[in-house]
Amino acid sequence: MKNKILGIIGGGQLGRMTALAAAKFGIECHIFDPDSNAPAFQVCAKSFVNEYEDLEAIKDFASGVDAVLYEFENIPLQTAQHIEQFCVLRPSSFVLSVSQDRLVEKNFLLNEAQVNTAKFYECNTYNNLETAYNSIKGMSVLKTRRFGYDGKGQIKLDNDTDLEKAWKDIESNELILEEFIPFKRELSIIVARDLNGKIVLYDVVENRHKNHILDQTIAPAPNISKEVSQSAKTIATKIVSALNLEGLLAIELFELNNGELLVNEIAPRPHNSGHWTMDGCVTDQFEQAVRATLGIELGSTKRVFNINMQNLIGDDISLVEKFINDPAARIHNYGKKEVRAGRKMGHINHIIK
Ligand code: AMP
């Protein structure tokens with residue numbers, strides 16, 4: 001285990017926390033990111049500052065490590081496939097390709113994993129959009145198929161929407177229109193699957209957003225019924241089995257008033273809603289991703305503390321001062337040099353008695 005080297009595509013906070021988890025096992029990380037200020041470069045053994053499209057640099061990077069994971073989905077698929085020529089990529093480029101495109105993802109979830117999602121329609125033309133809008137009738141959400149995050153690339157539509165304007169504003173013709181779900185709350189679950197198909201699941205958590213960005217995760221989800229929790233775990237198991245996943249996956253869910261769960265989206269990487277595991281579980285999501293990627297036996301997901309994870313967005317990072325001596329507050333500062341509105345700067349895991 002000691003001599004292994006892990007490659008990480010992406011040097012943001014997720015890459016950084018993965019590298020820190022790997023370091024606990026004496027595992028070196030090589031990190032690839034086009035931005036020389038990427039925060040993960042502060043904590044890794046070797047930095048590759050190159051564009052993701054630079055396949056020569058990717059070859060160099062992938063040839064020098066035992067396995068690679070990625071910390072975000074928006075890397076070119078060709079880059080992921082290129083990595084696979086030189087070393088193992090976990091999760092695979094196939095899993096990445098499913099998660100990169102909302103249409104492919106939703107079709108996979110429905111047809112292959114056989115789990116429920118919001119009703120959705122493919123929209124490549126204005127006519128498609130008009131037909132879909134008229135079929136849904138009530139409120140809906142227009143989403144770009146690719147590159148959306150934190151509510152970007154999305155427009156909410158209702159009966160009064162100027163449809164032509166929405167079509168122009170979204171500036172893409174690769175879209176899906178989804179029915180709007182009047183959910184009770186948003187939940188998520190992190191799951192890992194190893195090379196032998198063994199699956200481990202974390203507790204189901206509740207996520208609260210502010211301005212479309214995750215604000216708080218409450219772990220475990222307050223007052224969650226045994227049935228809902230079990231159903232989230234069944235859904236997660238079906239998805240990772242259908243994907244033949246090797247690695248870690250996050251699943252975002254909508255809980256309806258009747259307890260039904262719909263899958264919103266999946267992310268084949270450590271996820272903001274799994275940060276609570278760093279101080280709440282025997283094995284946190286980053287260590288689990290390292291284990292699953294390098295073929296080390298998966299760790300226990302047992303919850304040892306209830307956690308309220310508070311994201312520090314933009315100026316919120318000043319809250320670190322307030323909590324620095326609070327014995328129930330575990331501070332995680334991502335070391336980003338520049339504070340920007342809407343930028344994830346850190347988080348605090350509050351241990352709940
Ligand atoms: P997404 O980028 O798909 O994760 O969407 C970002 C956020 O928009 C979600 O966390 C929800 O709060 C909201 N949202 C997305 N899709 C829907 C939907 N079909 N119905 C209601 N809210 C949605």
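Summary table
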read-out: Stokes-Einstein diffusion coefficient of segment 185-352, Kirkwood radius over Cα pairs, 10 °C, 1.306 mPa s, in µm²/s; value: 97 µm²/s
read-out: Net dipole in debye of the chain [+1 Lys, Arg Cβ; -1 Asp, Glu Cβ; about Cα centre; nearest 20]; value: 1040 debye
read-out: Separation in nanometres of the label points that stand 7 Å from Cα toward Cβ, at Ser63 and Lys137; value: 6.2 nm
read-out: Accessible solvent surface per residue of the chain, calculated while the other protein chains remain in place, 1.4 angstrom probe, Å²; value: 44 Å²
read-out: In Å², nearest 10: area of Asp326 left accessible to a 1.4 Å probe; value: 50 Å²
read-out: Mean ellipticity per residue at 222 nm, deg cm²/dmol - from DSSP H runs of n ≥ 4 across the chain, formula -39500 (n - 2.57); value: -8000 deg cm²/dmol
read-out: For Lys137, solvent-accessible area (1.4 Å; no DNA, RNA or ligand), Å²; value: 140 Å²
read-out: Protein accessible area in segment 119-179, 1.4 Å probe - carbon and sulfur %; value: 43 percent
read-out: Portion, in percent, of the accessible area of segment 288-353 that falls on carbon or sulfur, probe 1.4 Å; value: 49 percent
read-out: Cross-link table Lys152/Lys302; Lys233/Lys344; Lys143/Lys233; Lys4/Lys353, entries beyond 31 Å C-alpha to C-alpha; value: Lys152/Lys302; Lys4/Lys353
read-out: In order through segment 280-292: 3J(HN,Hα) via Karplus (6.51 cos²θ - 1.76 cosθ + 1.60), integer Hz, x for Gly, Pro; value: x, 10, 4, 10, 7, 4, 6, 4, 5, 5, 4, 4, 5
read-out: Rounded, prolate or oblate (a/c below 1.5 giving rounded, otherwise prolate when a/b exceeds b/c) for segment 119-179 by Cα gyration tensor; value: rounded
read-out: Mean projected area (nm²) of the alpha-carbon convex hull when the chain is viewed from all directions; value: 17.7 nm²
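The values are calculated or read from the model by the stated rules, or taken from the named source; none is laboratory data. Note that the structure is predicted; figures quoted are calculated from it, not measured. Note that we place each Cβ from the backbone using ideal geometry, even for glycine, and neighbour counts take in every protein chain shown. The accessibility values were calculated without ligands, DNA or RNA, using every heavy atom of the protein model including side chains. Shrake-Rupley method; radii C 1.70, N 1.55, O 1.52, S 1.80 Å.
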